[in-house]
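K.L.:
Just dropping this structure here.
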Amino acid sequence: MRTAIVLFNLGGPDGPHAIKPFRVNLFSDKAIIRAPWFIRVWLSRLIANSSAKAAYENYQLMGGKSPLLELTEKQARALETVLGLDYRCFIAMRYWHPFAAQTVKEVKQWAPDRILLLPLYPQFSSTTTGSSLSDWREAAAAAGLAVPVTSLCCWYDDPAYIAATAALVREAIEDAMAQKPGLPLRVLFSAHGLPESIVKAGDPYQAQVEASSAAVMAHLADTKVEALVCYQSRATPQKWLEPSTVEAIAQAGRDGVGVVVVPIAFVSDHIETLVELDIENRHLAEQAGVPVYVRARVANDDPDFIRAVAGLVRRAQVPGLYQGGTACAKKHKDCPGAGMV
């Protein structure tokens, strides 16, 4: 059977001209700004304009654009190599090219026997996976793409994914230990934040981030390091999940412990790892007196990670919803698989 694998991710501007429209698209999404459309449109432009200069400067640090598309393409090609000729990967970004409508046409032209929708978000959130899946369904319906579809909901505790992540974290811990032998270390599992109101409304993201982090730490029990889950990239005035990564770094400075930052919710490098964590937060750590600051590598096209994703693909054989990990509790009603098992 010819299987089309659609890899979903956030997307990113492909040049300075795209920075503002990308951010407008992002903050116009009703899954992120949960307000009437006319307020949402106004807010998206207000947020994009208010931080336009800082956003432009940050993207300049990465050559004027996001590397996310190129890195996702590498993941796609690596995944095809592992899976073989009956599989082909397509990319659909949520807020910048290639959009779902364009990718739907490419998939339809290839004429697969089945489609697997595979969000590159291990932890489900209505603001990421949920939004991407809804966007795809609308585009597929408009294009008349009628092929059996399997939607991968989440894979936050998939054993192979956890093992691949733990190997990257161990590498970072060993780096930090080598810099200052004997120094106490704290692993900060830094995930993109969410407003608390979204989690209280039934989004499982926080619970899944905590589960991923705990599973990784179970692999690292012999390292005897402590761990904390924290959240980065606050973008609106609402109360967001706590503690923030900035607060966690400041506390590490007060406690005199080294820090290993793990971008637990990301599988590809982009502005939030390459600029926010590597540059801005590293500077904050220096100011706070943190004795060692190391950021763990994200997966990108790491062979163990690609093999883990290939395993998810091979197991997702039945049309409908497939969960790579444990089903969500019923209270997480925003998850399409809540309470299934």
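K.L.:
Can you tell me which residues in the range 319-341 are part of a loop (DSSP other than H, G, I, E, B) and modelled with pLDDT of 85 or more?
P.N.:
So the first thing to find is which residues in the range 319-341 are part of a loop (DSSP other than H, G, I, E, B), and the list is 319, 323-341.
Result: Pro319, single match.
K.L.:
Follow-up question, since we're still on this one. Hey, Gly182 hits all of (1) farther than 20 Å from Lys30 by Cα; (2) in a helix (DSSP H, G or I); (3) of a type in the set (Gly, Ala, Ser) but one; which does it fall short on?
P.N.:
(2)
K.L.:
Follow-up. Which one of the conditions (1) free of Cβ contacts under 8 Å to residues at least 24 places away in the same chain; (2) among the small types (Gly, Ala, Ser); (3) surrounded by 13 or more Cβ atoms within 10 Å (Cβ to Cβ) does Gly63 fail to meet, given that it meets all the rest?
P.N.:
All conditions pass for Gly63, except number (3).
K.L.:
Ok, one more. If you check Thr127 against the conditions, is it assigned by TED's automatic domain parsing to the domain that holds Pro16, among the hydroxyl-bearing types (Ser, Thr, Tyr) and farther than 13 Å from Gly324 by Cβ?
P.N.:
For Thr127, the condition - assigned by TED's automatic domain parsing to the domain that holds Pro16, among the hydroxyl-bearing types (Ser, Thr, Tyr) and farther than 13 Å from Gly324 by Cβ - is met.
K.L.:
Hey, among Thr165, Thr150, which residue is polar (S, T, N, Q), touching a residue at least 24 places away in the same chain (Cβ under 8 Å) and not assigned by TED's automatic domain parsing to the domain that holds Val275? Working first, answer last.
P.N.:
Details: Thr165 fails: not assigned by TED's automatic domain parsing to the domain that holds Val275.
Selected residue: Thr150, the only one of Thr165, Thr150 that is polar (S, T, N, Q), touching a residue at least 24 places away in the same chain (Cβ under 8 Å) and not assigned by TED's automatic domain parsing to the domain that holds Val275.
K.L.:
So, one more: Out of the range 1-47, which residues are modelled with pLDDT under 90, closer than 17 Å to Leu133 by Cβ and among the β-branched types (Val, Ile, Thr)?
P.N.:
Ile32
K.L.:
Could you pull out every one of the helices (runs of 4 or more DSSP H) wholly within the range 189-289 that has 1 or more residues that are surrounded by fewer than 18 Cβ atoms within 10 Å (Cβ to Cβ) and modelled with pLDDT under 95?
P.N.:
On the way: elements: 196-200, 205-219, 245-255, 281-288.
In the range 189-289, the matching helices (runs of 4 or more DSSP H) lie at 196-200.
K.L.:
Looking at (1) without any contact (Cβ under 8 Å) to a residue 60 or more places away in the chain; (2) crowded, with 21+ Cβ neighbours inside 10 Å, find the lone condition where Thr103 falls short.
P.N.:
For Thr103, the failing item is (1).
K.L.:
Follow-up question, since we're still on this one. Can you confirm whether Ile32 is more than 21 Å from the chain's Cα centre (by Cα) and either surrounded by 16 or more Cβ atoms within 10 Å (Cβ to Cβ) or not in a loop (DSSP other than H, G, I, E, B) (or both)? It would help to see each step written out before you state the result.
P.N.:
Details: more than 21 Å from the chain's Cα centre (by Cα): no; either surrounded by 16 or more Cβ atoms within 10 Å (Cβ to Cβ) or not in a loop (DSSP other than H, G, I, E, B) (or both): yes.
Answer is no for this residue.
K.L.:
Anything in the range 49-62 that is under 22 Å from Ser197 (Cβ atoms) and either among the β-branched types (Val, Ile, Thr) or assigned to a helix (DSSP H, G or I) (or both)? List them, or say none.
P.N.:
Ser50
The values are calculated or read from the model by the stated rules, or taken from the named source; none is laboratory data. Since the model is a prediction, treat every value here as computed from it, not as a measurement. For neighbour counting, all protein chains shown are included, and Cβ atoms are generated from backbone atoms with ideal geometry for every residue, glycine included.
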